[in-house]
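Novice: I have a structure I would like to understand better, so I am pasting it below and will then ask my questions one at a time.
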Amino acid sequence: MVKNRHAAPREIAFTAPAGTPSGVEVLSLADLRSRVPPGSLAVPLRLTFHHLLTLTDGSLTHTVDFTDHVLEPGAWLWTRPGQVQQWSDPGRAEGTLVLFEQDFLDAATTTAARLDDPHAPVLHTPTGEDVTALRTAVDHLTGEFHAFGRLPLAVHTLALRHLLSALVLRLAHLGADAGRPSPHPGEAFLRFRDAVEEGFGRSRRVEDYALLLGYSPRTLSRAALAATGVGAKEFIDRRVVLEAKRLLAHGDESAARVASRLGFSSATNFSKFFLQRTGRSPLAFRSGTRGG
């Protein structure tokens, strides 16, 4: 695909192919290449649905929230609603895309697979028997998706829901990047993380979150350091920077409007904050992300 250097980023909503159950789609990279115009995926895209990608041949680099991930056969890339992604040229890579809306799966699967977790890993690299299990799961899902019409629609949809549940549950419990369970963060960090996700647009002060949660600022900093390797203040600031990047890359709001949405008193203060943490001004970041 040739990069479209001046197209505005687009938000992509899920649209089920005609004649198929709403909420899920399974397609190959070859199908994708035949369906979309060259360059249309090279701009930043913010999806409103989940996007699973795995390769069977070749390799490609996929950018999610401004971090490049190199995908090789057997690995999986999981982009969640609200994240900004950008395709590189897939070349001759072959693989499978699974697209699904979150409410396609039942509440128990949503919870067990942590579909709501904005901090879940993007890249998963299974090993050993997990590679085969995931390949089998996606093959079964693909087969059922393309068997539309052989069962009553309600039964076909139910089968797709069960097969997709099996796939995401296996994938969610591999652990980040290594196919091994990750240490479970402590309660203090989990509460802090959720509070930051809810409140980063209103406050960047550790003291405010400590007061809200009933911990000392020192306890929150220790909890964040143990779970993420950075202190509480840095954790908050990184979340603010991420949202700023998403808004700048995806939308056309002014820096002043972005600053207001993120709780800054002025565009000047926001620009200083962003420049200090990224090395670029907000407008330079926007231009560079869009290839201008």
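Novice: Any idea which of (1) in contact with a Gly (Cβ under 9 Å, 6 or more places away or on another chain); (2) without any contact (Cβ under 8 Å) to a residue 12 or more places away in the chain is the one Ser287 doesn't satisfy?
Specialist: Of (1) in contact with a Gly (Cβ under 9 Å, 6 or more places away or on another chain); (2) without any contact (Cβ under 8 Å) to a residue 12 or more places away in the chain, only one is false for Ser287: (1).
Novice: If we keep just the residues of the stretch 38-50 that are within 17 Å of Leu247 (Cβ to Cβ) and of a type in the set (A, V, I, L, M), which is farthest from the chain's Cα centre (by Cα)?
Specialist: Val43
Novice: When you go through (1) in contact with a strand residue (DSSP E or B) (Cβ under 8 Å, 6 or more places away or on another chain); (2) modelled with pLDDT of 95 or more one by one for Gly91, which number turns out not to apply?
Specialist: (2)
Novice: Another question, if that's okay. Looking at the stretch 203-212, can you tell me whether even one residue there is among the acidic types (Asp, Glu), surrounded by 15 or more Cβ atoms within 10 Å (Cβ to Cβ) and modelled with pLDDT of 90 or more?
Specialist: Within the stretch 203-212 (the criterion being among the acidic types (Asp, Glu), surrounded by 15 or more Cβ atoms within 10 Å (Cβ to Cβ) and modelled with pLDDT of 90 or more), the answer is yes, since at least one residue qualifies.
Novice: In the list Leu53, Leu134, which residue meets the criterion of being touching a Ser or Thr at 6+ places or on another chain (Cβ under 9 Å), aliphatic (A, V, I, L, M) and under 29 Å from Val240 (Cβ atoms)?
Specialist: Of the residues listed, the single one that is touching a Ser or Thr at 6+ places or on another chain (Cβ under 9 Å), aliphatic (A, V, I, L, M) and under 29 Å from Val240 (Cβ atoms) is Leu53.
Novice: Out of all the residues in the stretch 138-157, which are without any contact (Cβ under 8 Å) to a residue 12 or more places away in the chain and assigned to a helix (DSSP H, G or I)?
Specialist: Asp139, Gly143, Ala154, Val155 - these are the residues of the stretch 138-157 that are without any contact (Cβ under 8 Å) to a residue 12 or more places away in the chain and assigned to a helix (DSSP H, G or I).
Novice: Which numbered condition in (1) modelled with pLDDT of 90 or more; (2) under 12 Å from the mean Cα position of the chain (by Cα); (3) surrounded by 15 or more Cβ atoms within 10 Å (Cβ to Cβ) is the only one that Gln86 fails?
Specialist: (1)
Novice: Kindly indicate whether any position in the stretch 95-104 is among the small types (Gly, Ala, Ser), outside any helix (DSSP H, G or I) and in contact with a Ser or Thr (Cβ under 7 Å, 6 or more places away or on another chain).
Specialist: Yes: the stretch 95-104 contains one or more residues that are among the small types (Gly, Ala, Ser), outside any helix (DSSP H, G or I) and in contact with a Ser or Thr (Cβ under 7 Å, 6 or more places away or on another chain).
Novice: Under 7 Å by Cβ, and 6 or more places apart or on different chains, what pairs join a residue from the stretch 105-124 that is surrounded by fewer than 16 Cβ atoms within 10 Å (Cβ to Cβ) with one that is assigned to a loop (DSSP other than H, G, I, E, B) and among the aliphatic types (A, V, I, L, M)?
Specialist: Partner pairs satisfying both residue conditions: Arg114/Ala120.
Novice: Moving on. For the stretch 142-162, indicate whether the set of residues that are among the hydrophobic types (A, V, I, L, M, F, W, C), assigned by TED's automatic domain parsing to the domain that holds His69, touching a helix residue (DSSP H, G or I) at 6+ places or on another chain (Cβ under 8 Å) and within 18 Å of Trp76 (Cα to Cα) is non-empty.
Specialist: no
Novice: Could you give me the residue pairs with C-beta distances under 8 Å whose first residue belongs to the stretch 28-49 and is outside the structural domain of Gln102 (by TED's automatic domain parsing), whose second residue is in a helix (DSSP H, G or I) and exposed (fewer than 15 other Cβ atoms within 10 Å of the Cβ) wherever it lies, and which are 6+ apart or on separate chains?
Specialist: Final answer for the pair search is none.
Novice: Let me ask you something else. Determine which single condition Arg135 fails, assuming it passes every other condition in (1) in the same structural domain as Leu262 (by TED's automatic domain parsing); (2) assigned to a helix (DSSP H, G or I); (3) not small (Gly, Ala, Ser).
Specialist: Failed condition: (1).
Novice: Could you go through the stretch 64-76 and let me know if any residue there is among the acidic types (Asp, Glu), at pLDDT 90 or above and assigned to a strand (DSSP E or B).
Specialist: yes
The values are calculated or read from the model by the stated rules, or taken from the named source; none is laboratory data. All figures in this text were calculated on a predicted structure; none of them were measured in a lab. Using ideal geometry, Cβ is built from the backbone for each residue, glycine included, and neighbour counts are taken over all protein chains shown.
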